[in-house]
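Notes follow once the structure below has been shown.
Computed from the coordinates by the stated procedures, all read-outs in this text should not be read as laboratory data. Computed from a prediction, not measured in an experiment: that's the story for all the values here.
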Amino acid sequence: FILYSIFGIVLLSGCSAGFKQRWTNFRSYYNTFFNANQSYDRGFRVQIDQLRSINPEVPVRVHLPAVRAAAKDFQNAIDKSADLLRKYPESKWTDDAVFLIGRSYFFQQELFSALEKFTELYRITENRSLKQQGIYWRARTLLDLRSYAQVIEYVSPLLADQDANWIDTWKAETYAVLAQV
């Protein structure tokens, strides 16, 4: 009986320590992603609130290009997301962190870095919505780079793919980018 009691105590203490460690890890990486997302949201609101001058002699784009604003918030989102990717590469928020980094680079006008992240997102995610958002954001980034031929070459076959099972919102947004070309 004493042997079973000692074994039970050792087993329970090991389980509770393992559970505590897993809970701490979960809280750590969730908080890291949550904070990164909050930084991005703050920066995005600043982007939206920016006054933009419109030249009446040039067509107005549906998706306005990014302006230099809120760089600190976007950099914080990038840093925290990158920290999550380094410390918790198996996290369920890995795809979301890559996507957040890409959008933050886009709004910082680091367009080549944004392209890399949207390409990476398309390659790594199994999530249909994130995959399609990655296509849209990559096309939008190419549009801002004025790589019009690349937008057409990239987007046209993806939109024509019958097996892609497009979500209506992302299909419409991607068509809008293509129409702007």
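Tabulated values for the structure
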quantity	calculated
Partners for Lys171 among lysines (Cα-Cα distance below 17 Å; same-chain residues under 8 apart left out)	Lys131
Partners for Lys117 among aspartates and glutamates (Cα-Cα distance below 17 Å; same-chain residues under 8 apart left out)	Asp79, Asp83, Asp95, Asp96, Glu126, Asp144
Residue-by-residue Karplus 3J(HN,Hα) for the stretch 155-160, coefficients 6.51, -1.76, 1.60, Hz, glycine and proline x	7, 4, x, 5, 6, 7
